[in-house]
Amino acid sequence: MAYNNGQTMTLKAPNGSRVVVRFEVNSKARRLILRLDERRREAVAVAPSNRQIKDAAAFAAERVEWISTRLQHLPEIVRFEEAEIISFRGEPCQLTANGDTRLPKMWPGDPLLLSAPGDPETLPSRVTRYLKKQAKADLTRSVNRHAEALGVEYKSISVKDTRSRWGSCTSDGQLSFSWRLVMAPPKVLDYVAAHECAHILEMNHSPKFWAHVSRCVPDWKRQRAWLRTHGAGLQSAGE
């Protein structure tokens with residue numbers, strides 16, 4: 001069967017479970033890539049070109065058991081709903097649509113309390129907007145500090161809902177980050193900001209690149225390890 005960009009196929013794993021694989025074409029990919037989409041609970045097979053989607057399908061079919069196992073071990077989805085506990089800057093935070101303020105406000109406590117007054121049905125969108133705003137502010141502070149330390153200039157900073165990358169840097173200095181980093185401990189967000197600033201000097205992951213990262217965040221390996229271990233949890237939270 002022929003598949004196109006954006007289409008899906010369903011595979012049956014040895015344990016009897018069924019897994020969905022979605023196809024994506026990315027001309028920047030140098031090889032076939034298989035990753036998980038934590039929010040959709042499906043796999044993504046990335047091909048460098050349309051004519052290689054057939055190869056991507058075979059690649060995914062050969063690894064269906066691995067896909068099934070990884071999907072079964074994903075963290076539970078956390079919705080931005082009334083009384084739900086999410087993570088904010090690495091700390092537990094409870095959500096509520098109640099409150100007497102007009103705008104969302106973070107209240108101290110254990111856990112923290114994020115009050116976003118309004119219709120409970122639209123609480124997820126209000127919480128998301130608040131987190132995006134906080135992420136942009138945190139990342140801007142970190143980027144400015146690291147850019148100064150490295151002696152570089154950047155063109156812009158944006159926050160997006162990316163699924164496969166925590167940050168990116170274009171050749172002309174446009175920096176982009178996942179807003180979900182605001183749910184991680186501040187040191188993790190700071191590491192990603194340093195990582196992308198270092199790319200302004202080195203558009204690769206060479207020893208010179210990591211030396212720049214080390215100048216900004218000496219314990220970057222610990223922060224990267226945290227993200228690799230807990231990143232799926234960040235991706236599993238939200239609308």
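The values are calculated or read from the model by the stated rules, or taken from the named source; none is laboratory data. The structure presented is a predicted model; accordingly, all values stated were derived computationally and were not measured. Cβ coordinates were reconstructed from backbone atoms using ideal geometry, including for glycine residues, and neighbour counts include every protein chain displayed. Only protein heavy atoms, including side chains, enter the accessible area calculation; ligands, DNA and RNA are left aside. Shrake-Rupley method; radii C 1.70, N 1.55, O 1.52, S 1.80 Å.
Please go through the range 217-239 and give me each residue that is over 20 Å from Asp37 (Cα atoms) and among the hydrophobic types (A, V, I, L, M, F, W, C), ordered by number. First the steps, then the outcome.
Filtering the range 217-239 down to residues over 20 Å from Asp37 (Cα atoms) leaves 217-223.
Within the range 217-239, Val217, Trp220 qualify.
It is to be established whether one or more residues within the range 89-99 are touching a strand residue (DSSP E or B) at 6+ places or on another chain (Cβ under 7 Å) and either part of a loop (DSSP other than H, G, I, E, B) or modelled with pLDDT under 95 (or both).
Yes: the range 89-99 contains one or more residues that are touching a strand residue (DSSP E or B) at 6+ places or on another chain (Cβ under 7 Å) and either part of a loop (DSSP other than H, G, I, E, B) or modelled with pLDDT under 95 (or both).
If I ask for residues that are of a type in the set (Phe, Trp, Tyr) and either open to solvent by 40 Å² or more (accessible area, probe 1.4 Å) or outside any helix (DSSP H, G or I) (or both), which ones from the range 112-170 would you list?
Step one: filter the range 112-170 for residues of a type in the set (Phe, Trp, Tyr), giving 130, 154, 166.
Matches in the range 112-170: Tyr154, Trp166.
Output the residues belonging to the range 1-60 that are open to solvent by less than 90 Å² (accessible area, probe 1.4 Å), closer than 22 Å to Ile77 by Cα and in a loop (DSSP other than H, G, I, E, B).
Result: Ser17, Glu38, Arg39, Arg41.
How about the range 220-239: which of its residues are open to solvent by less than 30 Å² (accessible area, probe 1.4 Å) and in contact with a Ser or Thr (Cβ under 7 Å, 6 or more places away or on another chain)?
Trp220, Gly238
Collect the residues in the range 61-76 that are within 21 Å of Arg165 (Cα to Cα) and either touching a residue at least 40 places away in the same chain (Cβ under 8 Å) or open to solvent by less than 60 Å² (accessible area, probe 1.4 Å) (or both), keeping them in residue-number order.
Ile67, Leu71, Leu74, Pro75, Glu76
For residues in the range 75-88 being in a loop (DSSP other than H, G, I, E, B) and hydrophobic (A, V, I, L, M, F, W, C), which is nearest to Leu36 (Cα to Cα)?
Taking the range 75-88 as the starting set, the residues that turn out to be in a loop (DSSP other than H, G, I, E, B) are 75-77, 79-84.
Applying the additional criterion that residues be hydrophobic (A, V, I, L, M, F, W, C) yields 77, 80, 83.
Details: Ile77: 14, Phe80: 22, Ala83: 28 Å.
The residue in question is Ile77.
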